[in-house]
1. How far, in degrees from 0 to 90, does helix 42-51 lean away from the longest principal axis of the Cα atoms of the chain, to the nearest 10?
2. Please report the base-10 log of the normalised intensity I(q)/I(0) for the chain, using a Debye sum with one equal scatterer per alpha carbon and no solvent, at each q in 0.23 (1/Å).
3. Measure nothing fancy, just the Cα-based angle from helix 55-65's long axis to the longest principal axis of the chain, in degrees from 0 to 90, nearest 10.
4. Which peptide among 10-19, 46-55 comes first, and what is the full order, when sorted by highest mean count of other Cβ atoms within 10 Å?
5. To the nearest 20 debye, what charge dipole does the chain have about its Cα centre, counting +1 at the Cβ of each Lys and Arg and -1 at the Cβ of each Asp and Glu?
6. Among Val37, Gln65, Ala14, which residue has its Cα positioned farthest towards the positive end of the charge dipole of the chain, with +1 placed on the Cβ of Lys and Arg, -1 on the Cβ of Asp and Glu, and the dipole taken about the Cα centre?
7. What residues qualify as long-range amide H neighbours of Thr12, i.e. H under 5 Å apart, gap of 5 or more or another chain, H built at 1.01 Å from N?
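Just so you know, all these numbers are worked out from the coordinates, no wet-lab data involved. All of these numbers come straight from a predicted model, not from anything done at the bench. Neighbour counts run over all protein chains shown; Cβ positions are idealised from the backbone, glycine included.
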Amino acid sequence: MQSTLAETVPTTPAETDASNLDSVYQALLKGVGHELVTEANVAQLISRAEADKHPVLAAELREWQAPCG
């Protein structure tokens, strides 16, 4: 059976609540949900990732937070 792109590319679950920090964080742990990171939640997400010992996620979020250019 041949797989399609939709089956192989992870996507953010429809039930992810963008206004709920825990929901966004759980999506990020699964490698999705990056589109839900905002100026309003990025600092809390970084703190949570650091507290939960997820240094790669914390670093990715710091990169998102850093100014471009």
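1. Orientation of helix 42-51: about 90 degrees from the principal axis.
2. For the requested q values the scattering log ratios are -0.98.
3. In the chain, helix 55-65 runs at an angle near 80 degrees to the longest axis.
4. Numbers: 10-19: 11.6, 46-55: 14.2.
Descending mean neighbour count gives 46-55, 10-19.
5. Working: 4 positive and 10 negative charges, 35 e Å.
Value, rounded to 20: 160 debye.
6. Gln65
7. Here the answer is Gly33, since their amide H atoms fall under 5 Å of that of Thr12.
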